[in-house]
Amino acid sequence: MNQPLNKQAGVVPDDDTESFGIYPTPNSLHLERILPGSIERVWAYLTEPEKRAKWFAWGGAIPATVGETFELLFNNQTLGKAGPTPARFQKYENKTMQSVLTRCEPPHALGFTFGTGPDSSEVLFELHPHAKGVLLVIKHWKLTTRDGILNVSTGWHTHLGVLVDLLNDNPTRPFWQRFEHLEQEYQRRIPGLS
């Protein structure tokens, strides 16, 4: 059962509605969020480069054909009030990642690899109608290391916090402060990491 975070100013939402990821298998993560707006609006934040850059990663347009490669550029220090990047993550700033489109069913499903080659993982976004807006489900699998599971879990949770803030027209919460707090929580929650 997901427990709310202890509140710290600017770190968690006032209503404590953000659930933590779950682990259906040792190498996979599932996260869900209820987002305001239409499916088409949320789809635009997944696929349109200028909107995606506000909450996740820069890069070109999502390709039109499954199997095509595209790039994502990660620069978390540009997300809202990110604050300074912790030294241990500076090597990941301004890092380009090659991805391969694995699924594209507008506006309901988008999948791609995280990287290419034998160590790549995969992510799938699913969008479903919901009484309060849109249910976004993120599934990320083929995670091969404990550090990778921890970073992916914490990263998705933090990035989704930025997306939730944007879609609600709220100021974005400090990215790195939030990441480091959530990382401590995930350290306790991920099977085999405590």
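The values are calculated or read from the model by the stated rules, or taken from the named source; none is laboratory data. It should be emphasised that the depicted structure is a prediction, and the values quoted were computed from it without experimental measurement. Glycine also receives a Cβ, built like all others from the backbone with ideal geometry; neighbour counts cover every protein chain displayed.
Computed quantities for the displayed model
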quantity	calculated
In the range 157-170, the residues that are buried (at least 20 other Cβ atoms within 10 Å of the Cβ) and in contact with a Gly (Cβ under 8 Å, 6 or more places away or on another chain)	His157, Val162
When residues of the range 1-40 are limited to those that are within 27 Å of Thr113 (Cα to Cα), among the acidic types (Asp, Glu) and surrounded by 13 or more Cβ atoms within 10 Å (Cβ to Cβ), the one modelled with the lowest pLDDT	Glu18
Every pair of residues 6+ apart whose Cβ atoms lie under 8 Å, when the first sits in the range 143-157 and is at negative phi and of a type in the set (A, V, I, L, M) while the second is at pLDDT below 95 and surrounded by fewer than 16 Cβ atoms within 10 Å (Cβ to Cβ)	Leu143/Asn27; Ile149/Asn27; Ile149/Leu193; Leu150/Gln187; Leu150/Leu193
Identity of the residue in the range 171-194, surrounded by fewer than 19 Cβ atoms within 10 Å (Cβ to Cβ) and hydrophobic (A, V, I, L, M, F, W, C), that ends up nearest to Gln77 (Cα to Cα)	Trp176
Hits in the range 41-56 - residues which are in contact (Cβ under 8 Å) with a residue 40 or more places away in the chain, among the hydrophobic types (A, V, I, L, M, F, W, C) and in a helix (DSSP H, G or I)	Val42, Trp43, Leu46
Selected residue (criterion: modelled with the highest pLDDT) from residues of the range 58-73 that are in a loop (DSSP other than H, G, I, E, B) and over 20 Å from Gly117 (Cβ atoms)	Thr65
Which numbered condition Val164 fails, given (1) β-branched (Val, Ile, Thr); (2) within 13 Å of Ile190 (Cα to Cα); (3) out of contact with any helix residue (DSSP H, G or I) (no Cβ under 7 Å at 6 or more places or on another chain)	(2)
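Yes or no, residue by residue, for (1) more than 16 Å from Ala53 (Cα to Cα); (2) of a type in the set (Gly, Ala, Ser); (3) in contact with an Asp or Glu (Cβ under 8 Å, 6 or more places away or on another chain); (4) modelled with pLDDT under 95:
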| residue | (1), (2), (3), (4) |
| --- | --- |
| Leu136 | yes, no, yes, no |
| Thr144 | yes, no, yes, yes |
| Trp156 | no, no, no, no |
| Val162 | no, no, no, yes |
| Asp165 | no, no, no, yes |
| Asn170 | yes, no, no, yes |
| Phe175 | no, no, no, yes |
| Glu180 | yes, no, no, yes |
